[in-house]
Amino acid sequence: MQHTICALATGAGGAVALVRLSGPEVCRILSELTHRSDLPEPRKQTLCTVYDGSEPLDQALITYFKAPHSFTGEDVAEFAVHASPYIKARLLELLCQHGAVPAKRGEFSQRAFLNGKMDLVEAQGLCDLIASGNKAAHKLAMDSLDGKLSARLADMKKRLAELLAQIEVRLDDVDEEMTPLSDEFVQGEIHTVLGHIKALADTFSIGKYIKDGLKTAIVGAPNSGKSSLLNGLVGFDRAIVSDQSGTTRDTVEEILEINGQKIILTDTAGIREHALDPAEKEGMRRSHRAMEAADLILFVLDASRPVTPEEKELWQDIRRQQKRTIVVWNKKDLSANRPELEAASHYPAAAVSCKTGEGLEELKKLITADVTEAQTADGLMISNLRHYEALLRAQTELESALIRLQARAGGEIYAEHLRGALNYLQDLIGEVTPDDVLGIIFSKFCMGK
Ligand SMILES: Nc1nc2c(ncn2[C@@H]2O[C@H](COP(=O)(O)OP(=O)(O)OP(=O)(O)O)[C@@H](O)[C@H]2O)c(=O)[nH]1
Ligand SMILES: [Mg+2]
């Protein structure tokens with residue numbers, strides 16, 4: 001039999017705390033703690049005294065949810081109590097004394113999943129929703145939680161399952177009474193599902209930025225205005241700015257929101273050939289590291305002077321990284337002309353002045369352009385590595401099926417690959433996921449959820 005589990009569902013602070021209880025013993029524990037023989041009416045907040053032995057512990061608002069009409073699908077009680085550290089701790093202690101056990105991370109959600117209240121994609125959406133810190137991440141999580149993403153996956157799964165059924169029934173048809181499926185039809189079906197899978201898998205890079213933030217490194221020669229740019233974008237004097245070359249030694253990181261998107265912005269030490277001392281050398285090593293870890297590079301140049309040979313070299317280096325890069329011509333207030341820079345026209349560019357703030361809004365638009373475009377094209381995205389990997393595996397299986405089909409291999413052979421692809425889609429939504437894997441997934445959820 002399942003244990004009855006309990007946990008604090010709210011964080012530190014606040015005036016009210018929520019303690020959750022779920023499982024087969026909820027009714028008994030409720031009546032023992034409230035000294036009441038009748039249960040509160042389901043789904044109605046009811047003011048009850050919670051007792052610690054014969055002494056009242058608190059006046060709590062209790063909501064009872066009768067199975068299966070609850071979040072977990074089991075009997076659930078939620079205690080809204082006064083958020084004193086003592087009351088919270090003592091209530092959890094009492095619940096355990098009366099037979100409940102402390103819930104593991106994500107255990108409420110895991111039970112909801114096991115009781116068919118939601119699939120794994122929706123559960124993941126819930127976890128992401130709680131963690132979402134900005135509008136874009138919130139939308140992404142909502143699409144996952146409210147089943148839009150699951151519905152899309154279910155469509156693909158259904159189409160594939162139907163195709164497979166048609167193939168399999170013919171494999172069993174030893175007397176060959178059924179009309180065979182044409183290769184064109186099978187190929188067409190596989191291509192359709194493959195197209196959907198690829199399109200969804202391709203959203204991962206952007207989805208990941210939305211969820212985890214876009215790692216953006218500001219790089220350039222000393223004194224080009226990198227720290228000024230960081231300050232301009234975050235809106236306060238975060239990094240030291242001075243007219244001396246080599247002011248920034250260590251990397252400086254700030255998290256900010258631009259156009260509803262999370263950006264992890266890193267200012268770096270200016271890169272030049274001859275560092276003056278070991279600290280500057282180490283700083284430059286860190287600049288390179290930040291550049292390598294970045295999703296987006298802002299290459300800052302001082303537009304009021306010609307590009308130096310060192311900057312040209314750095315530019316080659318940046319281009320070799322083959323990352324999204326924006327060329328930022330700074331100090332626009334000092335010069336109306338842009339110096340020459342090889343192949344600069346192939347990259348998005350912004351002319352800004354960190355001194356006057358001119359051009360910063362344009363630059364912000366460029367920074368979030370990818371995400372904005374991807375979002376208007378089609379709202380649905382994935383942001384979870386597990387989902388991405390499952391889609392890639394399904395994609396590989398479907399591609400193998402196509403190759404086998406083209407090589408005129410028998411139905412049994414390509415059907416095996418279709419079965420493989422179907423299996424990965426089922427795994428994605430949690431239909432065939434082994435228990436230990438489920439345990440790992442839900443252990444990443446927060447306490448009390
Ligand atoms: N006129 C003008 N001066 C600027 C602008 N941006 C930065 N500066 C000045 O340029 C100098 C260098 O600015 P920083 O932001 O410290 O440059 P940095 O690239 O971080 O320099 P290091 O940390 O040494 O690599 C400072 O004196 C700034 O005031 C600008 O848009 N216009
Ligand atoms: Mg600096």
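Observations on the structure shown:
- Strands (runs of 3 or more DSSP E) within the stretch 161-278 that include 3 or more residues away from ligand 1 (no atom under 16 Å from the Cβ) and within 22 Å of Lys323 (Cα to Cα): 252-258, 261-267
- Flag for Glu93 being without any contact (Cβ under 8 Å) to a residue 60 or more places away in the chain and either outside the structural domain of Gly439 (by TED's automatic domain parsing) or not in a helix (DSSP H, G or I) (or both): yes
- Qualifying residue in the stretch 417-427 (condition: without any contact (Cβ under 8 Å) to a residue 24 or more places away in the chain and crowded, with 20+ Cβ neighbours inside 10 Å): yes
- Test: residue in the stretch 370-377 that is surrounded by fewer than 20 Cβ atoms within 10 Å (Cβ to Cβ), under 17 Å from Ala141 (Cα atoms) and more than 17 Å from the chain's Cα centre (by Cα): yes
- Every test in (1) within 23 Å of Asp202 (Cα to Cα); (2) β-branched (Val, Ile, Thr); (3) not in a helix (DSSP H, G or I) is passed by Val371 save one, and that test is (3).
- Unique residue being within 16 Å of ligand 2 (Cβ to nearest atom) and at negative phi when the list is Leu296, Leu276: Leu276
- Subset of the stretch 231-242 [within 16 Å of Lys331 (Cα to Cα), within 11 Å of ligand 2 (Cβ to nearest atom) and out of contact with any Asp or Glu (no Cβ under 8 Å at 6 or more places or on another chain)]: Val241, Ser242
The values are calculated or read from the model by the stated rules, or taken from the named source; none is laboratory data. For clarity, every value in this text was computed on a predicted model and none was experimentally measured. Cβ coordinates were reconstructed from backbone atoms using ideal geometry, including for glycine residues, and neighbour counts include every protein chain displayed.
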